[in-house]
Amino acid sequence: RRRGGELARLGGDGVRLHHLELSAFGPFAGTVEVDLDRLGADGLFLLHGETGAGKTTLLDAVAFALYGRVPGARGEAKRLRCDRADAATPTRVRLELTIAGRRMEIIRNPEYPRPKARGSGTTLQKAAVTLRWVGAPPAGMPAANLTRAEEVGQLVLDLLGMSADQFFQVVLLPQGEFA
């Protein structure tokens with residue numbers, strides 16, 4: 001939806017978001033895809049909509065893909081999975097972006113309880129992350145996918161030059177925390 005009041009393009013030539021996909025994340029029970037290249041073709045765009053439409057969730061998804069957490073009290077809740085999602089739908093965020101001329105895709109899923117494959121009850125789906133290069137990897141970077149949270153976190157920090165807290169303060173407006 002293109003209604004609301006929050007800017008969603010990260011500034012400058014250093015970072016460009018291309019595609020965002022959410023599955024069973026926040027209020028979105030199914031899969032939602034946003035073609036950010038198309039939306040941003042003419043420059044900046046505005047996320048605008050009624051309260052509860054999911055604007056902040058889209059920004060949270062970008063933060064979660066990059067850093068594995070979301071800002072403020074929403075991050076402390078540790079409940080990123082949609083309560084209305086079908087049990088078979090995995091919770092994940094996929095973000096394709098370019099940072100400092102390096103195009104990549106980051107896929108993350110949070111830790112959440114899911115039904116057991118056999119028998120009754122639930123089991124804990126562990127948090128996971130995969131970073132893959134779109135095209136050839138930059139010089140000195142491994143060609144294989146990165147799957148360790150520490151490696152992905154350090155790479156994002158190195159490329160963006162910002163920690164998660166700095167990103168939340170500088171790039172994202174402090175949603176609901178204007179005090």
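In sequence order, what are the phi-derived ³J(HN,Hα) couplings for segment 159-165 according to the Karplus relation 6.51 cos²θ - 1.76 cosθ + 1.60 with θ = phi - 60°, rounded to whole Hz, with x for glycine and proline?
Coupling constants for segment 159-165: 6, 7, x, 9, 6, 4, 4 Hz.
What is the extension gain from A127 to Q169, computed as 0.36 nm multiplied by their sequence separation minus the C-alpha to C-alpha distance, in nm to one decimal? Each step should come with its number before you reach the end.
Details: separation 42, 0.36 × 42 = 15.12 nm, distance 2.48 nm.
Taking 0.36 nm per residue and subtracting the Cα distance, the gain is 12.6 nm.
Is segment 93-154 best put as rounded, prolate or oblate by its Cα gyration tensor, with a ≥ b ≥ c the root eigenvalues, rounded for a/c under 1.5, and otherwise prolate when a/b is larger than b/c, oblate when not?
Details: a/c = 3.20, a/b = 2.86, b/c = 1.12.
Judged from the Cα gyration tensor, segment 93-154 comes out prolate (a/c at least 1.5, a/b above b/c).
All of the numbers you see were taken from the coordinates with simple rules; none came from a lab. Here the structure is a predicted model, which means the values were calculated and not measured.
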